Every structure is written in structure tokens, then in C-alpha cells.
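Let me begin by presenting the structure, written as C-alpha cells, before commenting on it.
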Amino acid sequence: MMTVGLQGLGQASPIKPARPAPVKPAVSKPQSVPAELPAPPPAVTPVPDYTLDDCLRKAATANPDLVQAQASLDQARASAEQVYVSLNPTVTTTFSYYRTLQPVAPSPSGFTQFLNSLIPGLIPSTTPDPDTYTGGVVLQQTISTFGRLRWTALAQKLNEKSVGQTYRSELLTVLQTAEKAYITVKISEFQLEIVRRRRELYQQFLDIARYRFKAGMIAEFDVIQSETQVQSADLEVKQTLLQRDTARVALFILMGVPPVDSLVLAPLPDLESPPPSIDEPLAFALEHRPEVASLRWSLASAQANVEAAWHNNAPNLSLVSQYQMTQVPGTVPQPSWIAGLQLSTAIYDGGQAKVMAQLAEATVKQVRGSLGSQTRQVDSDVRSQFLTLTNLWSQLDEANANCKLNDEAVNIALNRYKAGISNATEWLTAQSNWTTAQQNRLNLQSNYRQAVADWRRAVAAPPRVELPPSALVDWSEPPRVLEPGEYPDESWLEKR
């Protein structure tokens with residue numbers, strides 16, 4: 001019995017036979033039905049150039065969106081470091097030079113006296129003008145900002161944590177997109193195998209129809225109908241090839257490699273069953289989903305900014321040391337050195353600190369509202385993806401059973417047609433049912449694999465591959481949600 005399946009299928013060569021001339025039926029001596037076509041030799045499995053894991057690693061290092069996200073993370077890290085610059089000691093130097101123009105003594109010349117009365121020293125006297133030189137070095141070191149620097153630095157560090165989660169969100173999205181693109185390519189290859197196998201079935205049926213027509217057992221219409229089916233299958237093969245090639249181009253561009261037809265992709269991994277329960281993945285997603293974690297860090301940063309705003313007018317205590325040398329003509333150089341503490345504070349800022357605090361408190365409310373909305377969205381995403389997975393998994397079981405029955409039915413229908421105990425309608429119906437069953441199963445497999453990729457993104461599952469150092473991000477545990485009026489401290493930066 002002929003076996004209908006998708007394993008080891010090769011591409012059938014398109015055959016365009018000439019329409020045979022009608023002959024007189026020879027009913028008394030019917031010709032025998034040809035034997036089944038010989039099975040093609042087993043295909044040699046090529047060594048794949050890329051696996052799914054290779055694709056994910058390539059996409060994680062070649063995506064321009066990740067480069068932009070990394071740049072944003074570097075900016076946030078630099079902003080946090082910039083706050084501490086004011087704590088570093090500063091050294092400045094000064095140098096000045098002065099020349100004093102001396103007026104000349106009165107002279108009998110009225111013109112000279114008149115000019116010097118307008119511009120003293122215009123007409124120099126015999127006495128040289130004195131030159132004065134002054135130079136010095138000033139060292140200043142901030143000792144305390146009374147909380148202003150502490151809260152500003154904490155807010156920037158917490159914001160850096162938030163931006164890191166944004167980078168992580170972009171990374172998970174890139175991995176999800178790459179996995180779905182790989183699935184699309186492999187599913188299009190499976191689709192091509194189905195179309196080619198159907199074309200082989202059409203060709204077999206056409207060969208049998210020609211023999212039966214020569215034997216006078218069927219009308220010429222059946223032969224013409226079979227030829228039309230073969231030609232339609234040839235066109236479908238070309239269309240499926242185009243879809244596969246288009247999917248390959250999209251995948252290779254995402255991986256950052258040139259689209260080459262000779263590149264071979266490894267088979268997809270085995271299907272994973274859905275998780276037995278939604279409780280644990282949902283709880284993990286509500287805390288570790290990067291969108292939620294980013295808002296939690298943002299809320300803590302916003303709360304720290306409120307305190308930083310109230311400390312905007314805090315005093316500033318610093319150590320000042322100054323060394324100065326003065327040289328006046330006719331005297332010896334006069335060095336001087338002073339050292340001491342300098343305390344500066346604002347007495348009244350016109351309400352600036354109060355307004356800044358109000359703006360920061362409004363930001364806290366906005367972030368808290370966004371966090372609640374995002375938490376609900378994550379809850380909805382995880383639950384809907386779980387329902388999709390479990391439903392598709394049950395449909396796959398039914399599709400596999402249906403395909404097995406249709407494999408047997410199409411074999412029986414083809415053999416019955418060979419034996420002359422059925423007509424073309426029975427075969428066409430069986431073949432159509434076989435094609436529908438195969439296509440439905442392939443669509444379900446595609447949808448399920450795509451849903452698995454969406455599920456991993458929804459629950460913020462760690463990457464399935466080891467990423468290169470350039471793609472490493474902070475997966476630390478996000479902080480708990482701050483209560484109204486509660487403020488973070490430096491220990492929050494050490495949470496894991």
C-alpha cells in the first residue's frame with residue numbers, strides 16, 4: 001500500500017504530457033493498470049547552517065533597536081554618575097596683571113597740559129608706570145549638601161534600573177520576533193512539502209487516468225480534468241516557493257546575515273505541552289514582566305525626586321583653601337594663604353522648591369496609575385495566552401487523528417480507482433479531504449508554535465539561549481510597590 005506523508009519528500013518534476021488521441025475501446029482485452037511508481041531514494045539530510053538558538057543569538061546582537069536601547073541605558077548610567085561629580089574636589093587658578101598709568105608733572109606747555117587733562121598718562125613722564133602681578137590657586141571640597149545630593153543621586157540610580165528594564169523589554173521582544181520569523185520559514189517549508197506531495201498524487205492519478213482511457217474504461221473528460229489539476233498544482237508550488245523565500249529574506253535580515261538561498265535551517269524543536277497551571281507563571285509575570293518592573297523602579301525614582309525637590313535649598317558646606325601671591329613694584333612679593341569652611345544657604349527662593357516638589361508628587365501619581373494599568377494588561381495577556389495554548393493543544397490532538405484517517409482514506413481511494421471499482425469523484429473527494437486535513441494540522445502547528453513564543457514573552461521567561469555579553473541585562477528582582485508617603489533608600493539598589 002502506498003504511504004502518504006511528509007517525510008523524505010522531494011520535489012517532483014513538472015510533467016506536461018501531450019493530450020493523447022482518442023482510440024477505440026478494447027473492452028474484450030483491457031490493459032493492466034501500471035504498478036505504483038518506484039519510491040524515490042532516501043534524501044540526504046544536509047547539515048544545517050543555523051539552528052533556532054543560532055538565530056536568536058544572531059538577532060540579539062544585530063538588532064538596531066537593541067543598540068538604541070543600550071545607548072539609553074548608557075545615558076542613564078552616566079546621568080547617575082554625573083550627580084557625584086559635585087563631590088569631587090575642584091582646583092582653580094587665577095592670574096591678573098595691572099598697569100597703572102601715571103600722569104606727567106605740569107609743564108609750561110599748555111597743549112601738553114591740556115592733553116594730559118583729557119587722557120591722564122597720554123604723554124608719559126620720566127617716571128615708569130608701575131606693574132602689579134597677582135596669582136593664586138583655590139582648592140574647594142564639598143563636605144555636605146544636607147540631603148540634596150543623596151536624594152538626587154538615589155533618584156538617578158533608580159531611574160537607571162528602570163531604563164535597564166526597558167532594555168530588557170526590547171530584548172525579549174526581539175527574541176520573540178526572531179523565533180516567530182524562524183517558525184514562519186519552517187512552516188512555509190512544510191507547506192511546500194504538502195503542495196509537492198499533492199502534485200505527486202495528481203500526477204499519479206493522471207498516469208492512471210491515461211491508461212484507463214486507453215483501455216476504454218473512462219471518458220476523455222477525466223484525463224483533461226487530471227491535467228488541469230496537475231497544472232494548478234504546479235502553479236501552487238511556485239506560489240509556495242515565493243512565500244518561503246520571502247519568509248527567509250525577512251528572517252535573515254533580522255539576523256543580520258545576507259539572504260542566501262543555500263543556507264539551511266535546522267528543523268524546529270519538538271512541540272512543548274502547555275504549562276499545567278497558570279498560577280505560577282502569572283505570579284512571576286506580575287512581578288518580573290519588564291514593563292511592570294520598569295514602572296516599579298520608576299515609582300521609586302519619582303518618590304526620591306520628591307525628597308530631592310524639598311532639599312533643593314538645603315545648605316552647602318565646603319572646605320575652601322586659597323594660596324595667593326601679589327607682586328607690587330617697589331615691594332617684595334606678598335604671599336597669602338587662607339583655609340576654612342564655607343557654608344552657603346538660600347534664605348528665600350520665591351517658592352521654587354515647593355513648586356518642584358508639587359511637580360514631583362504629580363509624577364508619582366501618574367506613575368502609580370500607569371503601574372496599575374500595566375499590571376492589569378499583563379494579567380490579561382497571560383490569561384489569554386494560556387487559553388490560546390491549551391485550546392490549540394487540544395485541537396492538535398484531533399488534527400493528528402484526522403490526518404491519520406485521511407492518509408488511509410486517500411490510499412484506499414487511489415487503489416480502488418486503480419482497480420476500476422470507483423470513479424474519479426471518490427478519489428477527488430478523498431484527495432481534497434487529505435489536503436484539508438494536512439493544511440489544518442499545519443496551520444494549527446504554526447499557530448501553536450507562534451503562541452508558545454507569545455506565551456514566553458507574556459510571562460517574561462528567560463531567554464532559551466545563552467546571550468553574548470553585549471546583550472546581557474539586569475534580571476534582578478524589582479522592588480515592591482511603595483505605599484503613598486513612603487520613600488525608598490539606598491538598600492533598594494541591592495535588591496535581588
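The values are calculated or read from the model by the stated rules, or taken from the named source; none is laboratory data. The structure presented is a predicted model; accordingly, all values stated were derived computationally and were not measured. FYI the Cβ positions are ideal-geometry reconstructions off the backbone, even for glycines, and counts take in every protein chain you see.
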Filter segment 197-228 down to the residues that are under 28 Å from residue 185 (Cβ atoms) and of a type outside the set (D, E, K, R) and list them by number. 201, 202, 203
Go through (1) part of a loop (DSSP other than H, G, I, E, B); (2) touching a Lys or Arg at 6+ places or on another chain (Cβ under 9 Å) one by one and return the number of the condition residue 258 breaks. (2)
With the structure loaded, tell me whether residue 198 is surrounded by 16 or more Cβ atoms within 10 Å (Cβ to Cβ), touching a Phe, Trp or Tyr at 6+ places or on another chain (Cβ under 9 Å) and basic (Lys, Arg) or whether it fails that test. yes
In segment 324-342, anything modelled with pLDDT under 85 and surrounded by 14 or more Cβ atoms within 10 Å (Cβ to Cβ) is listed as 325, 326, 327, 328
Can you confirm whether residue 480 is at pLDDT 90 or above and either out of contact with any Asp or Glu (no Cβ under 7 Å at 6 or more places or on another chain) or surrounded by fewer than 19 Cβ atoms within 10 Å (Cβ to Cβ) (or both)? no
Can you say whether residue 299 is over 27 Å from residue 171 (Cα atoms), modelled with pLDDT of 90 or more and part of a helix (DSSP H, G or I), as far as the supplied structure shows? no
Conditions first: (1) surrounded by fewer than 19 Cβ atoms within 10 Å (Cβ to Cβ); (2) assigned to a helix (DSSP H, G or I). Residue 217 passes all but one, so which condition is the exception? (2)
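Rundown of residues vs (1) among the polar types (S, T, N, Q); (2) at pLDDT 90 or above, yes/no style:
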site: 362; (1), (2): no, yes
site: 367; (1), (2): no, yes
site: 374; (1), (2): yes, yes
site: 377; (1), (2): yes, yes
site: 382; (1), (2): no, yes
site: 394; (1), (2): yes, yes
site: 404; (1), (2): no, yes
site: 416; (1), (2): no, no
Just give me the residues in segment 345-381 being aliphatic (A, V, I, L, M) and surrounded by 16 or more Cβ atoms within 10 Å (Cβ to Cβ), in sequence order. 353, 356, 357, 360, 364, 367, 371, 378
